[in-house]
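Structure first, then comments.
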Amino acid sequence: MLSEVTATRYVTPLREGGSLPGIVEADDLGTYVMKFTGAGQGRKTLVAEVICGQLARRLGLRVPELVRMQLDPVIGLSEPDQEVQELLKASGGLNLGMDFLPGSIGFDPLAYEVDAAEAGRVVWFDALINNVDRSWRNPNMLVWHGDLWLIDHGATMIWHHNWPGAAASAAKPYDASDHALAPFRPDIAGAAAALAPLVTRELLTEAAADVPDEWLVDEPGFETTDALRRAYVEALLPRAATIHERITLEAPSRPRPSQAPGWLTDHLGSWPHPTKKSTKDGGQ
């Protein structure tokens, strides 16, 4: 089960995403990126964050620690931004927090190299969970202490928005042509050989068990929250065994402009880039 903390101070919103997550401080003296039940995407975004984040962690991929986060709406009374106020007021109770990585930098393929093995593991994992939000347009990856970290899994497992069609949706292929790591020649076969055997019914059940009941209740077609958890397991288990055979890697839909600031990329020569060493040594 995820550990639980209580939000004590709202620091600032993160406006890069559509759900308006925020940086908050908690009673364990930690700082977290908080995702809210009152956001427009709803609680299924948080369900996806938990299942996919916990699954990634169990497969050895780097994902910030997730916590259950209690929020008292009174925190929103002091916020000058009306949009933030309304979001906090609509999100009283249990929300999701993920460990804030101070000094991390958004991943850019022109600034950081990823070896084929690691690229393959990430692409294979994204294919498993049908992640449509890790493209070169919006990588949803951070570089922290020289390592690659995966974030933002709310736009995954699209089938849980239409459970009657889940089996057919989960059987579809995965187009990785626009994936942020496609340029690094991801070793899909190696990733499948290493990771697919680890995705057992027991492992998926453990990941699904970390989703709070509050976010699973009243789902049409399911009498209990445990039945809904089993549906997630049944969708992911067969996909893990064969998805590597249905990953396509073709030319990207359009050129991939760098998203990094000029001060980071203008001086870069051939790999290894000095920025990666300095990132690790400087802890940024």
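Brief remarks on what is shown
- V33 being within 21 Å of L150 (Cβ to Cβ), open to solvent by 10 Å² or more (accessible area, probe 1.4 Å) and touching a strand residue (DSSP E or B) at 6+ places or on another chain (Cβ under 6 Å): yes
- The single condition among (1) within 26 Å of M157 (Cβ to Cβ); (2) open to solvent by 20 Å² or more (accessible area, probe 1.4 Å); (3) of a type outside the set (D, E, K, R); (4) part of a helix (DSSP H, G or I) that Q70 does not meet is (4).
- Taking the stretch 37-52 as the range and being more than 15 Å from the chain's Cα centre (by Cα) and either in the same structural domain as L204 (by the TED database) or of a type in the set (A, V, I, L, M, F, W, C) (or both) as the test, only A39 passes.
- Count of the stretch 36-65 residues which are of a type outside the set (D, E, K, R), open to solvent by less than 10 Å² (accessible area, probe 1.4 Å) and not in a loop (DSSP other than H, G, I, E, B): 9
- In this structure, A191 does not qualify as part of a helix (DSSP H, G or I) and more than 21 Å from L150 (Cβ to Cβ).
- Residues in the stretch 82-92 include none that are under 29 Å from A119 (Cα atoms), outside the structural domain of E214 (by the TED database) and in contact with an Asp or Glu (Cβ under 8 Å, 6 or more places away or on another chain).
- Of the set (1) open to solvent by 30 Å² or more (accessible area, probe 1.4 Å); (2) over 14 Å from G60 (Cα atoms); (3) out of contact with any helix residue (DSSP H, G or I) (no Cβ under 7 Å at 6 or more places or on another chain), all apply to P139 but (1).
- The residue of the stretch 194-247 that is surrounded by the most Cβ atoms within 10 Å (Cβ to Cβ), among those that are β-branched (V, I, T), under 21 Å from the mean Cα position of the chain (by Cα) and part of a loop (DSSP other than H, G, I, E, B), is V211.
- Filter result (part of a strand (DSSP E or B) and open to solvent by 50 Å² or more (accessible area, probe 1.4 Å)) within the stretch 78-109: D99
- Unmet criterion (only one of (1) surrounded by 14 or more Cβ atoms within 10 Å (Cβ to Cβ); (2) over 18 Å from the mean Cα position of the chain (by Cα); (3) closer than 29 Å to I105 by Cα) for E250: (1)
The values are calculated or read from the model by the stated rules, or taken from the named source; none is laboratory data. Being a predicted model, the structure only gives us computed values, none of them experimental. Cβ coordinates were reconstructed from backbone atoms using ideal geometry, including for glycine residues, and neighbour counts include every protein chain displayed. The protein model used for the area step is the full one, side chains on, heavy atoms only, and it has no ligands, DNA or RNA in it. Shrake-Rupley method; radii C 1.70, N 1.55, O 1.52, S 1.80 Å.
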